[in-house]
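A quick write-up on the structure given underneath.
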Amino acid sequence: SSVENGRPPDPADWAVIDVVNYFRTAGFEEQANAFQEQEIDGKSLLLMTRNDVLTGLSLKLGPALKIYEYHVKPLQTQHLKNNS
């Protein structure tokens, strides 16, 4: 399988460290650690609801909203499109 930025292209195949690196690359250095602490891998990421991101990771609200709206939601949408 091909690899983008050291990560498998399908988020469902990401390990926890891939998720962490994705958010670090996206500029969420501090918040990325929360994904590691909670052991969020790609499959978990694709299952996360807005509420999970806002409350489950103990993140500040501002970054949490951006993470969900600009990263988690688009990844979920893309994944569903690619696998429908």
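A few comments on the model shown:
- Global form of the stretch 37-80, assessed from the alpha-carbon gyration tensor, a/c cut-off 1.5: oblate
- In the chain, the portion of solvent-accessible area held by carbon and sulfur atoms comes to 49 percent [1.4 Å probe, whole percent, DNA, RNA and ligands not counted].
- Using only side-chain charges placed at the Cβ, +1 for Lys and Arg and -1 for Asp and Glu, the dipole size of the chain relative to its Cα centre rounds to 300 debye.
- Set of the stretch 7-21 residues, backbone N closer than 13 Å to the point 7 Å along the Cα-Cβ line of Lys81: none
- When the P(r) of the chain is calculated, the portion above 14 Å amounts to 60% of the C-alpha pairs.
- Accessible surface for the stretch 35-84, divided over its residues, is 65 Å² per residue with a 1.4 Å probe.
The values are calculated or read from the model by the stated rules, or taken from the named source; none is laboratory data. These figures come from a predicted structure and were not determined experimentally. So basically every Cβ, Gly included, is an ideal-geometry build from the backbone, and we count neighbours across all protein chains shown. For the accessible areas, the whole protein counts, side chains as well, though only heavy atoms, and no ligand, DNA or RNA atoms are used. Shrake-Rupley method; radii C 1.70, N 1.55, O 1.52, S 1.80 Å.
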